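The numbers here are math on the coordinates, done by the rules we state, and not lab data. Note that the structure is a prediction, hence the values are computed from the model and not measured. Cβ sites come from the backbone with ideal geometry, for glycine too, and all protein chains shown count toward neighbours.
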């Protein structure tokens, strides 16, 4: 559990982060979202002391982070950077092994853990001896994630982790990311300016603007209970898509007209968007598509009221 | 004398000396480079960590770099005496700037993202330095070392001025002795060494850090070997420390004569005459070659050992000038002859003493002398053609050039330009022949042995007596070069062996033969 209270950071007397407080719960993915310059990256970097706050305090599991040496604190927190931040003079294997080497793990243990992560992140074994510049952007980012995961830290901080990737690669990595068992036990804070990514990955979203938190809540709360116009305007252009994505089949299930649907079982945890997407491609599924669409509209009314 | 000798023959004949000079040269270069790396890299790291010191440190290193190398060597002598130490310190100072600067830019040039990643992964400051910043900055740092190495190979030629050896012995000896083969035998290997070192280091630089990791130790190993070879001879201590100028080393009326005629086989260090006297005074050297009218003999209480077997021929000073130049400037010869016979040995020694020791300017010394001897005339500020006076690079010649300048300006309508400090005999003489200068004061002995180089019999015949030597060179110069020797100024600045008065008295040495006997006894 990570707790920030009353955190401020000034650059040249102008506040980059202004009196913010929030909490990231155990095993939660919290997304810091906002336009560029809103202070989200600064906030993230204060958690592993890459930047020291001017005011306020940060605790992890109740312990003030200033009580540890910064190196030791950082070795206990995974960190993924925007442009992978891999060491150009280290091979993939050496890059992944940086933290365990600092922690003086034995070689065999490092090797086994590396192989395990390579497999989980769909990286081919022959990449181990390559240098980062010989990898594609997606591969580099996966290696960056492997490097952050290797030491089994309970906390993972990610600074625009997929920001440099093209949309197709990004979509692949998103789905892999969500299915990674490794991540299910971690408290993760992700910084992004990509609204879709925030909704795709975040359990909760913390929307920031001009160094302050505007609203913090679940994706659903962001769309259906915005605290002000800034929040609703911020999501306006993607709204329909986002609504379809966050509504799950189990949410709309009560509104489905069963006779039209037959016995087709669909996953209750799939999003309305994904199912409609699947049905939209086939003429034979037209009726089912309609049924879901209607059900979603009915569900939506209940949410907006 | 092998006058027809070509470069290859010279190299074959002198290969032992050449090899030892190359080893010395490399030893000097590497040793200074090693120290420069030991000082420069940590300094570069320091200023990359504390940036407020960066401009100050780089500024100071930059200023040191701009001090002319000869001057820097000069500063080193009072601090470190002569020999390897001052040379290495001076070279170190020269190598510092490129090494500090490149270490600084190498480290600060490492991508901010990568450094942040290292920090974020939990590296502390020194882990970051050794695992990330230094390896990634290494190509730039090596480039700095490469620049420093090439600079040092060049500057190390000057080490021979302070008896530190190296290829400068051949180069400066050759310039003094009018021996092109000798110059080339020093200059070509020096240039080759620079190229070789440059390319070897470039190889290290181009290959990535990973691929050279395994055999990177080879380069320091070679460097270390050269350093050891260089330092070894310095340990042996002989009874006398002997310092000769490069010129003296190669002359019949120098080290060669000492061997042939006196049977005196000394093991001298090569040293510049600019510092030789002081080194003798301070006890860094015991026996030096020098000039008999040098003011520093008086200043430093040295004594000349009598040349009892007459190997040093007379060196009567007189201006030499092209006969056609004399025609072009009517009245010039009479003006120059005003000085004929006016300066004897003791007067010259005194004039030299004033510049060398009392630090009076040559202008002042010249003016005082002319005023005192009634020759001084205020400059006419005429608008005639310009006469260019040359001088070699030692005190006496500066004074003579000034005296002639004042004489010409006071007695003729001509303007005067002085071109002083023209290295050795060869440079002055070549400048005269190429009309770069109109005249300069030369010495009969030099004219005989360095410029004319007749066979040994002729030398033996004419060099026993001042007048014979003068007559011989005057007639030969007219024939050979169309150059005229004007009337002698009056002093004889011959070569001489000298030592501290006190030591000479203690050992009861008066003549060169005494020295020979003294050494044989031991």
- Query: When chain A is modelled as a GNM with alpha-carbon springs shorter than 10 Å, which of A:215, A:139, A:278 fluctuates the most?
  - Reply: A:278
- Task: Counting other beta carbons within 10 Å of each Cβ, put B:315, B:414, A:224 in order, fewest first.
- Result: A:224, B:414, B:315
- Task: Note the full-extension length gain between residue B:346 and residue B:75 as 0.36 nm times their separation in residues minus their Cα-Cα distance, in nm to one decimal.
- Result: 94.6 nm
- Message: Just to be sure I understand: of the beta bridges DSSP finds with both ends in chain A, what percent are antiparallel, rounded to 5?
- Response: 55 percent
- Relative contact order in percent for chain B (Cα pairs under 8 Å, 6+ apart) equals 17 percent
- Task: Could you check which residue among A:122, A:244, A:193 shows the biggest mean-square fluctuation in a GNM of chain A with a 10 Å Cα cutoff?
- Result: A:122
- Note to self: C-alpha centroids of region A:95-151 and region B:56-134 sit apart, in Å, by 36 Å
- Item | Cα coordinate range in region A:33-116, projected on the principal axes (Å, largest first) | 43, 31, 21
- Restricting things to alpha carbons, find the Rg to Rh ratio for chain B using the Kirkwood radius for Rh. 1.05
- Message: Helix B:512-521 against the longest principal axis of chain B: what's the angle in degrees, Cα atoms only, rounded to the nearest 10?
- Response: 50 degrees
- Query: Taking Cα pairs under 8 Å and at least six residues apart, what relative contact order does region B:258-343 come out at, in percent?
  - Reply: 20 percent
- Query: Given R₀ = 60 Å, FRET efficiency for residue A:129-residue A:237 by Cβ-Cβ distance, to 0.05?
  - Reply: 0.85
- Message: Sort B:464, A:294, B:392, B:112 by Cβ crowding within 10 Å, fewest neighbours at the top.
- Response: B:112, B:464, A:294, B:392
- Task: May I ask for the angle, rounded to the nearest 10°, between helix B:15-49 and the longest principal axis of chain B, with both axes built from Cα atoms and the value confined to 0 to 90°?
- Result: 50 degrees
- Spacing of the two label points (7 Å from each Cα toward its C-beta) at residue B:381 and residue A:277, in nm: 9.7 nm
- Task: Determine the relative contact order of region A:2-238: mean sequence separation of Cα pairs under 8 Å and six or more apart, normalised by residue count, in whole percent.
- Result: 29 percent
- Query: When B:229, A:206 are ordered from fewest to most other Cβ atoms inside 10 Å of their Cβ, what list results?
  - Reply: B:229, A:206
- Item | Between region A:68-84 and region B:386-411, the Cα center-to-center distance that results, in Å | 76 Å
- Over the protein assembly as shown, what per residue volume does the convex hull of the Cα atoms give, in whole Å³? 261 Å³
- Query: Add -39500 (n - 2.57) for each DSSP H run of 4 or more in chain A, then divide by its residues: what number comes out at 222 nm, to the nearest 500 deg cm²/dmol?
  - Reply: -11500 deg cm²/dmol
- Message: Restricting to bridges with both residues inside chain B, how much of the DSSP beta-bridge set is antiparallel, in percent to the nearest 5?
- Response: 60 percent
- Item | R0 of 45 Å, Cβ-Cβ distance residue B:501-residue B:478: FRET efficiency to nearest 0.05 | 0.60
- Plugging the Cβ-Cβ distance of residue A:257 and residue A:175 into 1/(1 + (r/R0)^6) at R0 = 30 Å yields, to the nearest 0.05, a FRET efficiency of 0.45
- Message: Is the C-alpha gyration tensor of region B:356-400 telling us rounded, prolate or oblate? Criteria: a/c under 1.5 is rounded; beyond that, a/b larger than b/c is prolate, otherwise oblate.
- Response: oblate
- Query: So, in nm, how far is label residue A:224 from label residue B:327 when the simple model puts each one 7 Å beyond its Cα toward the Cβ?
  - Reply: 11.8 nm
- Message: With n ≥ 4 as the cut-off for DSSP H runs, can you work out [θ] at 222 nm for chain B, using -39500 (n - 2.57) per run divided by the number of residues, rounded to the nearest 500?
- Response: -18500 deg cm²/dmol
- Message: As an exercise, find the ratio Rg/Rh for chain A from alpha-carbon atoms, using the Kirkwood inverse-distance average for Rh.
- Response: 1.01
- Would you mind telling me which residue in A:79, A:177, A:199 has the biggest mean-square fluctuation in a Gaussian network model of chain A, where springs connect alpha carbons within a distance under 10 angstrom? A:177
- Cα centroid separation, region B:300-349 to region A:9-26 (Å): 88 Å
- Task: Counting only DSSP beta bridges with both residues in region B:317-491, tell me the antiparallel percent, nearest 5.
- Result: 55 percent
- Message: Helix A:167-179 against the longest principal axis of chain A: what's the angle in degrees, Cα atoms only, rounded to the nearest 10?
- Response: 80 degrees
- Item | Spin-label model distance (nm) - residue A:59 vs residue B:228, 7 Å beyond Cα toward Cβ | 6.4 nm
